[in-house]
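Colleague: To start, I am sharing the structure in question, which I have written as structure tokens.
The values are calculated or read from the model by the stated rules, or taken from the named source; none is laboratory data. Everything numeric here is computed off the predicted structure, so don't read it as measured data. Heads up, the Cβs are rebuilt from the backbone with ideal geometry, glycines too, and the neighbour counts pull from every protein chain shown.
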Amino acid sequence: MKKRIGDLFESRQGQMDDMLHRDFISNGIATFPCKISSFYDIVNPLSARRYETPNPDFTAYLESGAEVLPPDCPIVLEIIEDCLTDEERMIIKAVVREYYAYKLGMVEKEEKRHKKRFVIMSIGLVLSAFLLWFSQGLGEIPRELFFVLFWFMGDTLCDYILLTGHDLRRDRKAAGQLASIKVTFSKSFDESDYTQAEIDKLYAEIEKDVKGTLK
């Protein structure tokens, strides 16, 4: 019986998709309600005016939810409050936008570093292949060195193509998803389906934002 119970535990299936669609996603849009009682629930109380940074508890809450979302799902952050001024709402929008734009920039920087490495390794692989070809008349030790070089270059390229490249594209899409987040404010949270007009408007705003960042 004990072994059978263990087998049952191993075969247990999660219900993440059902919970996501029940709790967060409506008509393809994920809404995260965030109830606050103070401006500093979102803005780090240690930061000075004009140099605001987000509260770590707030970013942890948002990112822990976003990391399980489908990659093609827009995010709306609905802040439930009755304590903010218009200026504080503008600051919060700017803090969220700039923080995740910075995070996206860091992912882009890492991606560019790996792409540069990929180009260098590709050139090195071709050169090492030529060296192996032209070193057929040399001794065993020089050919071993060229073979090790060829293997190293090839292994690095395969790792990028099959593993690292996929992870970087996933991380970039996730960072872009958070960088495109829309912040709204309300007095209370009411679960309601998005109308087609609201969905089209949100998609149009995201498309405009993305095109505005393209160089």
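Colleague: For Asp159, indicate whether it is among the acidic types (Asp, Glu), in contact with a helix residue (DSSP H, G or I) (Cβ under 7 Å, 6 or more places away or on another chain) and in a helix (DSSP H, G or I).
Modeller: On the way: among the acidic types (Asp, Glu): yes; in contact with a helix residue (DSSP H, G or I) (Cβ under 7 Å, 6 or more places away or on another chain): no; in a helix (DSSP H, G or I): yes.
When the stated conditions are applied, Asp159 does not pass them.
Colleague: Can you tell me which residue in the stretch 176-207 is farthest from Thr59 (Cα to Cα), limited to those that are surrounded by fewer than 16 Cβ atoms within 10 Å (Cβ to Cβ) and hydroxyl-bearing (Ser, Thr, Tyr)?
Modeller: Only one residue fits best here, namely Thr195.
Colleague: Another one. Any chance you could count how many residues in the stretch 73-123 are in a loop (DSSP other than H, G, I, E, B) and surrounded by fewer than 13 Cβ atoms within 10 Å (Cβ to Cβ)? Give the derivation first.
Modeller: Of the stretch 73-123, the ones in a loop (DSSP other than H, G, I, E, B) are 73-74, 81-85.
Then drop every residue that is not surrounded by fewer than 13 Cβ atoms within 10 Å (Cβ to Cβ), which leaves 82-83, 85.
Within the stretch 73-123, residues that are in a loop (DSSP other than H, G, I, E, B) and surrounded by fewer than 13 Cβ atoms within 10 Å (Cβ to Cβ) number 3.
Colleague: So which residues in the stretch 53-70 are within 29 Å of Asn27 (Cβ to Cβ) and part of a helix (DSSP H, G or I), if there are any at all?
Modeller: The first filter runs over the stretch 53-70 and keeps only residues within 29 Å of Asn27 (Cβ to Cβ), leaving 54, 58-70.
Within the stretch 53-70, Phe58, Thr59, Ala60, Tyr61, Leu62, Glu63, Ser64, Gly65, Ala66 qualify.
Colleague: Looking only at residues in the stretch 162-215 that are of a type in the set (A, V, I, L, M) and not in a helix (DSSP H, G or I), which one is modelled with the lowest pLDDT?
Modeller: First pass over the stretch 162-215, keeping only residues of a type in the set (A, V, I, L, M): 162-163, 168, 174-175, 178-179, 181, 183, 197, 199, 202, 204, 206, 210, 214.
Those still in the list that are not in a helix (DSSP H, G or I) too: 181, 183, 214.
Values: Ile181: 95, Val183: 95, Leu214: 78.
Per the stated criteria, the residue is Leu214.
Colleague: Right, here's the next one. Quick one: count up the residues across the stretch 158-175 that are buried (at least 18 other Cβ atoms within 10 Å of the Cβ) and out of contact with any His (no Cβ under 7 Å at 6 or more places or on another chain).
Modeller: The total comes to 2.
Colleague: Under the condition of being touching a Pro at 6+ places or on another chain (Cβ under 9 Å) and among the aliphatic types (A, V, I, L, M), which residue from the stretch 151-192 is nearest to Tyr203 (Cα to Cα)?
Modeller: Of everything passing the filter in the stretch 151-192, Ile181 is nearest to Tyr203 (Cα to Cα).
Colleague: Can you name every residue in the stretch 25-52 that is surrounded by 15 or more Cβ atoms within 10 Å (Cβ to Cβ), in a loop (DSSP other than H, G, I, E, B) and out of contact with any helix residue (DSSP H, G or I) (no Cβ under 6 Å at 6 or more places or on another chain)?
Modeller: If the condition is that a residue be surrounded by 15 or more Cβ atoms within 10 Å (Cβ to Cβ), in a loop (DSSP other than H, G, I, E, B) and out of contact with any helix residue (DSSP H, G or I) (no Cβ under 6 Å at 6 or more places or on another chain), then Ile36, Asn44 are the ones that fit.
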